[in-house]
Amino acid sequence: MDSTQHSQLPETPQSYWLASTEQTAFSSIAEDTTVDVAVVGGGITGITLALLLVEEGKKVALVEADRLLKGTTGHTTAKITAQHDLIYDELCHHAGDEMAKLYFDANAEALAFIRNQVAEHRIPCDFAEEDAYVYTTSDANAAKIDKEWAAYERLGIPGRREDRLPFRINSRAAVVMTNQARFHPVAYLKHLLQRFIDKGGLVYEQTTALSVEHGSPLSIVNTSTGYTIACDDVVSCTHFPFYGVRGFYFARMYAERSYALGLRLKNEYPGGMYLSADDPPRSIRNVTYNGESILVVGGERHKTGQGICTIKHYEALEQFARETFGRDCEIAYRWSAQDLTTLDKIPYIGRASKDEPHAFVATGYRKWGMTTGTAAALLLKDLIMGNENRYEELFTPSRFYADPSVKTFITQNANVALHLLEGKLEWVRRHPDEVECGEGSVVQVDGKRAGAYREPDGTLHLVDTTCTHMGCEVEWNNGDRTWDCPCHGSRFSYTGEVMEGPAKKPLKTYT
Ligand SMILES: Cc1cc2nc3c(=O)[nH]c(=O)nc-3n(C[C@H](O)[C@H](O)[C@H](O)COP(=O)(O)OP(=O)(O)OC[C@H]3O[C@@H](n4cnc5c(N)ncnc54)[C@H](O)[C@@H]3O)c2cc1C
Ligand code: FES
């Protein structure tokens, strides 16, 4: 914001999708249980897969560490589209036209699956067809739009090339994918969840899956409650896989955060879903639910735990929203979330590693999990049922394309190694007494680096800043009041509880 304007952001971050629906309240697991499949993680991937498997006659337990849908799925912008930013020209070059077309088909089929579910079961979730645009305001990026459009034409992707947008945005070029869609993801998934339960599916919340002991005939999932789940197959739909040391997922993905605002506009929205190809990116879409219209404006990006003062990202979005949609729009919601990107930008979906035939993962959706999470559920259902699926090879986590993976692999790891050292070498002088009400800061306690947050009423919370995943030092996120790890994206509340993995244990606290 410029110096003459005051930010009018909501005080507390809250996702519109969660605020407009009721939270679930299932019990934790309270006895050792045996099922055919343990599906771990209650986001779009886990819930969709759990339903598909009970429909095939499997006995399924859906296991969630916190409350269902409160993870990334509850904090998305929920465009349902195969237009994943500018990806097709790049995929054609790195993986070939055939793989690029498969990638499109898998996502288009996922969109068709959601469309059919909504129509067949009359799900009230604001599903509506929209064209999806990627645009640029820079002449330099216009050439990339042209290349992407050329890839659409070559691959037979339905769309068109345009120049202008129906807003006050100085667009230079845009590529449009037609007949894509939007929905309210939590309303949609709660409907799928109810059908899962009606078919006898088991749901356990506040139950963290800690580890898997592979056995024959059954594997055992150990949980935070002390009770176990014995199963033929186990699937990690936990965003970052909760196991998989053999798959080296922590070294093959990075977490990137983005931000969103929910606005009430004075003027009517002209329709369409938009994403800029510029840096920082901007994303726009509308939702109408319970008689209310909310415009979701998203964007900004940085690696988790490596951002500037994070409230600045919200302020940048606010400025963009007011410039584009009018100074008098009301900002009703703000929230942020992160997603994971793989080395070659294609998700890892399939067997966790070659020597774990009954353990599966689905991760690395690069902020496009509405379709890829659904595609993952469709593919994993087939793998578990022993069916052929033409997308198995495209998504298999054990692939390794030499170019450009190797270069990215080295860059990502150098970055993590740097952060492993960085916080540890930092000389912290600040004392907890100097931390003001509502402030969070790295401080020194007994000569060691610690994290302090003081609540508005003066209560001080002190945590050990060493991440319980692999020992990097967490950093304060002032926009969301969390401790975020720069290495693999774990996030902790100011009292130290795990909010997002791969860490499973809380930060140590000082009393
Ligand atoms: C800002 C932002 C905007 C986005 N916008 C879009 C968009 O417009 N369109 C689109 O297609 N995609 C979008 N995405 C991406 C999409 O939201 C995600 O890819 C998708 O929601 C991921 O779903 P998931 O089921 O894999 O994970 P999640 O929804 O994160 O679910 C994983 C669940 O597993 C639980 N869990 C974790 N560890 C354990 C454990 N050990 N035991 C038990 N449970 C555990 C978590 O608590 C969580 O509930 C966006 C992402 C972001 C960050
Ligand atoms: S998330 Fe891996 S060290 Fe913190």
**Prompt:** Which of the residues spanning the range 111-167 are aromatic (F, W, Y) and touching a Gly at 6+ places or on another chain (Cβ under 8 Å)?
**Reply:** Y133, W149, Y152
**Prompt:** What number of residues within the range 454-483 are within 13 Å of ligand 1 (Cβ to nearest atom) and of a type in the set (D, E)?
**Reply:** 1
**Asked** Here are some residues: F250, F196. Which one is in contact (Cβ under 8 Å) with a residue 60 or more places away in the chain and more than 17 Å from L49 (Cα to Cα)?
**Response** F250
**Item:** Qualifying position, being within 12 Å of T372 (Cβ to Cβ), in a helix (DSSP H, G or I) and either of a type in the set (A, V, I, L, M, F, W, C) or under 14 Å from the mean Cα position of the chain (by Cα) (or both), among L111, L91
**Value:** L111
**Message:** So, restricting to strands (runs of 3 or more DSSP E) that lie completely within the range 152-256, which ones have at least 2 residues that are within 15 Å of ligand 1 (Cβ to nearest atom) and not hydroxyl-bearing (S, T, Y)?
**Reply:** 173-182, 202-204, 209-213, 219-223, 228-231, 233-236
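So that you can scan it fast, the table gives a plain yes or no per residue for (1) more than 22 Å from E300 (Cβ to Cβ); (2) within 16 Å of ligand 2 (Cβ to nearest atom); (3) at pLDDT 95 or above:
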site	(1), (2), (3)
Q8	no, no, no
D32	yes, no, yes
G74	no, no, yes
H84	no, no, yes
A95	yes, no, no
**Prompt:** Are any residues in the range 194-243 within 18 Å of V60 (Cβ to Cβ), of a type in the set (V, I, T) and away from ligand 2 (no atom under 16 Å from the Cβ), and if so, which ones?
**Reply:** I197, V203, T207, V212, I220, V221, T223, T228, I229, V234, V235
**Complete:** Of those in the range 85-127 that are within 13 Å of Y188 (Cβ to Cβ) and among the basic types (K, R), the residue surrounded by the most Cβ atoms within 10 Å (Cβ to Cβ) is R115
**Complete:** If we keep only residues of the range 341-353 that are in contact with a Ser or Thr (Cβ under 6 Å, 6 or more places away or on another chain) and not in a loop (DSSP other than H, G, I, E, B), then the residue surrounded by the fewest Cβ atoms within 10 Å (Cβ to Cβ) is G350
**Prompt:** Within the set of pairs 6+ apart or on separate chains, which have a first residue in the range 353-373 that is aliphatic (A, V, I, L, M), a second that is part of a loop (DSSP other than H, G, I, E, B) and near ligand 1 (Cβ under 7 Å from one of its atoms), and C-beta atoms under 7 Å apart?
**Reply:** A362/C237; M370/T76; M370/A78
**Request:** Could you check how many residues of the range 467-486 are over 13 Å from G305 (Cβ atoms) and in a strand (DSSP E or B)?
**Result:** 0
**Prompt:** Does the range 487-510 contain any residue that is in a strand (DSSP E or B), away from ligand 1 (no atom under 16 Å from the Cβ) and buried (at least 22 other Cβ atoms within 10 Å of the Cβ)?
**Reply:** no
**Request:** Scan the range 147-156 and give yes if some residue there is under 12 Å from L86 (Cβ atoms) and surrounded by fewer than 18 Cβ atoms within 10 Å (Cβ to Cβ), otherwise no.
**Result:** yes
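Yes or no, residue by residue, for (1) under 16 Å from the mean Cα position of the chain (by Cα); (2) assigned to a helix (DSSP H, G or I); (3) of a type in the set (S, T, N, Q):
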position	(1), (2), (3)
R327	no, no, no
Y333	no, no, no
D355	no, no, no
G373	yes, yes, no
L379	no, yes, no
D382	no, yes, no
**Prompt:** Using beta carbons and a limit of 7 Å, which pairs, at least six apart or on different chains, have the first residue in the range 303-325 and within 23 Å of L165 (Cβ to Cβ) and the second one among the aromatic types (F, W, Y) and modelled with pLDDT under 95?
**Reply:** T324/F167
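The values are calculated or read from the model by the stated rules, or taken from the named source; none is laboratory data. Bear in mind that the values here come from a model prediction, so they are computed numbers and not experimental data. Positions of Cβ are backbone-derived with ideal geometry, glycine not excepted, and every protein chain shown enters the neighbour counts.
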